[in-house]
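**Q** First, the structure itself, so that you have it in front of you.
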Amino acid sequence: MSYIMRRSRVLSILVALMLITGNALAQSMPAWEQLSPTQRDLLVAPVRERWDSNPEMRGRMFEHAQRWRQLSPEQREQAHKGQGRWEAMPSDQRQTMRALFQKTRDMTPEQRRALRKQWRAMTPEQRRAYLGQNRP
């Protein structure tokens, strides 16, 4: 993992912790306009690095930024929690989740509910067989 990516991850974690805990330090931090150019660059550099190093991903990054701005604070917090759960998952469970997502992507809400009910009733062997038939 590159230095920029590590720095970005550490910075993201610190910012998330400050936002989640309501830390006094977070409350005492200045508004963007009050940050020095060096402080602004520290915050923006990881995004700049990802943008410059992945030209094929720029469209996706831009769409994500637009969607993020439309989320309510509660939705943003749920997204952060979901990302944390995803990162904590073992790789085999992530693979399972990817397969389920691909399968449910085009389903109606009723079909998704039925699949969840069916999934909960399956044995581990049945789930493995299902995933074998529905690879991502």
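**Q** At a probe size of 1.4 Å, how large is the accessible area of Trp51, to the nearest 10 Å²?
**A** Accessible area of Trp51: about 90 Å².
**Q** Which percent of the accessible area of region 53-93 is formed by carbon and sulfur heavy atoms (probe 1.4 angstrom)?
**A** Working: 1780 of 3590 Å².
Answer for region 53-93: carbon and sulfur cover 50 percent of the accessible area.
**Q** Once you place label points 7 Å from the Cα toward the Cβ at Ala65 and Leu35, how far apart are they in nm?
**A** 1.3
The values are calculated or read from the model by the stated rules, or taken from the named source; none is laboratory data. None of the values given here were measured: they were computed from a predicted structure. Counting neighbours? That spans all protein chains shown, and the Cβs are built from the backbone with ideal geometry, glycine included. Ligands, DNA and RNA are excluded from the accessible area calculation, which covers all protein heavy atoms including side chains. Shrake-Rupley method; radii C 1.70, N 1.55, O 1.52, S 1.80 Å.
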